[in-house]
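The values are calculated or read from the model by the stated rules, or taken from the named source; none is laboratory data. Quick caveat: nothing in here was measured; it's all calculated off a predicted structure. Here Cβ is always computed from backbone atoms with ideal geometry, including for glycine, and neighbour counts include all displayed protein chains.
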Amino acid sequence: MDHLTQLQTTLTKDPARLRVLRLVRNLGLPDCWVGAGFVRSAIWDLQHDRNHSPLPPDIDVIWFDETQTDPAIDKHIEIDLRRSAPSLNWSVKNQARMHVRNNDQPYSSATNAMKAWPETATAVAVRLGRNDVIEVAAPFGLDDLFNLVVRPTARFEVEKKPLYLDRIRSKNWPATWPDLFIVDV
C-alpha cells in the first residue's frame, strides 16, 4: 500500500482523529488543515506496531487568509473549538501572519508555510474533504514520515540549525518512538 493510502486508511480508522477533522471542517476556514503531531504521532505509532495512537497534547490547526491576520481571530476560533471539544488543547494559527514570527518571506498558502516548519516528517497536514475523503498536504512528501526519519527542512539545516537541535532535544521523541532515525546535521 502506498504511503498516501496508508495515511488515509490509518486516519479513517481512528474515531478520535476523525472527530477532530470534522470539527475543523465545520469551521469553514479557508485553506484549513490539521497537522504536525496530529499526523506524525499516528504514523509513528503505526510504524511502531501500536494498536492505539492517542491524540497529541495539542491539536495544530493551520489556515490561510491574508485578510484576517489579527491573532485575536485565532484565539476566538480556539475558544469555539474548546466549546465543541473542551478536553483538547487547540492551537490555531493563520499562516498568513506567521512569516513575521518566523522571520521568513510572506507565505502564499498554508502548504507553502509548512515548508518553513522544522522537520520534513512534521510538515504534513490533513483535512476532511467532500465525502469524508482525507486530503493530504505534504510539501516534502511522506517518505520521511513513514520511514521514521527526522530530518530538518532547508532553513533548519544551517540558518536555524540551533533551533532544530534544541527542538530535537526538548521533544525527546526517541523515548516514545525508539526506531526513529534523527538527522542531526
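Report yes if V34 is without any contact (Cβ under 8 Å) to a residue 60 or more places away in the chain, among the β-branched types (V, I, T) and closer than 25 Å to L165 by Cα, otherwise no. No, not satisfied. If you go through segment 142-185 and keep only what is in a helix (DSSP H, G or I) and among the basic types (K, R), you end up with R155, K161, R167, R169, K171.
Let's see how each residue does on (1) of a type outside the set (A, V, I, L, M); (2) out of contact with any Asp or Glu (no Cβ under 9 Å at 6 or more places or on another chain); (3) over 21 Å from V124 (Cβ atoms); (4) not in a loop (DSSP other than H, G, I, E, B):
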| residue | (1), (2), (3), (4) |
| --- | --- |
| E66 | yes, yes, yes, no |
| T69 | yes, yes, yes, no |
| H76 | yes, yes, yes, yes |
| D80 | yes, yes, yes, yes |
| R83 | yes, yes, yes, yes |
| P86 | yes, yes, yes, no |
| M98 | no, no, no, yes |
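Of the residues making up segment 47-55, at least one is closer than 22 Å to G129 by Cα, of a type outside the set (S, T, Y) and at pLDDT 95 or above.
For G37, the test of being out of contact with any helix residue (DSSP H, G or I) (no Cβ under 9 Å at 6 or more places or on another chain) and on the phi > 0 side of the Ramachandran plot is failed. Scanning segment 40-56 for residues that are of a type outside the set (G, A, S), closer than 18 Å to L180 by Cβ and either in a loop (DSSP other than H, G, I, E, B) or touching a helix residue (DSSP H, G or I) at 6+ places or on another chain (Cβ under 7 Å) (or both) yields R40, I43, L46, Q47, H48, D49, R50, P54, P56.
Only a single criterion out of (1) of a type outside the set (A, V, I, L, M); (2) farther than 17 Å from R19 by Cα; (3) in contact with an Asp or Glu (Cβ under 8 Å, 6 or more places away or on another chain) is not satisfied by S91, namely (2). Candidates T120, T176: the one that is surrounded by fewer than 14 Cβ atoms within 10 Å (Cβ to Cβ) and modelled with pLDDT of 95 or more is T176. Filtering P139, P106 for residues that are surrounded by 12 or more Cβ atoms within 10 Å (Cβ to Cβ), touching a residue at least 12 places away in the same chain (Cβ under 8 Å), assigned to a loop (DSSP other than H, G, I, E, B) and not aromatic (F, W, Y) leaves a single hit, P139. A Cβ distance below 6 Å, combined with a sequence gap of six or more or placement on separate chains, defines the contacts here; from segment 47-66, residues that are among the aromatic types (F, W, Y) reach residues that are outside any loop (DSSP other than H, G, I, E, B) and surrounded by 14 or more Cβ atoms within 10 Å (Cβ to Cβ) in the pairs W63/N94; F64/Q95; F64/A96; F64/A110.
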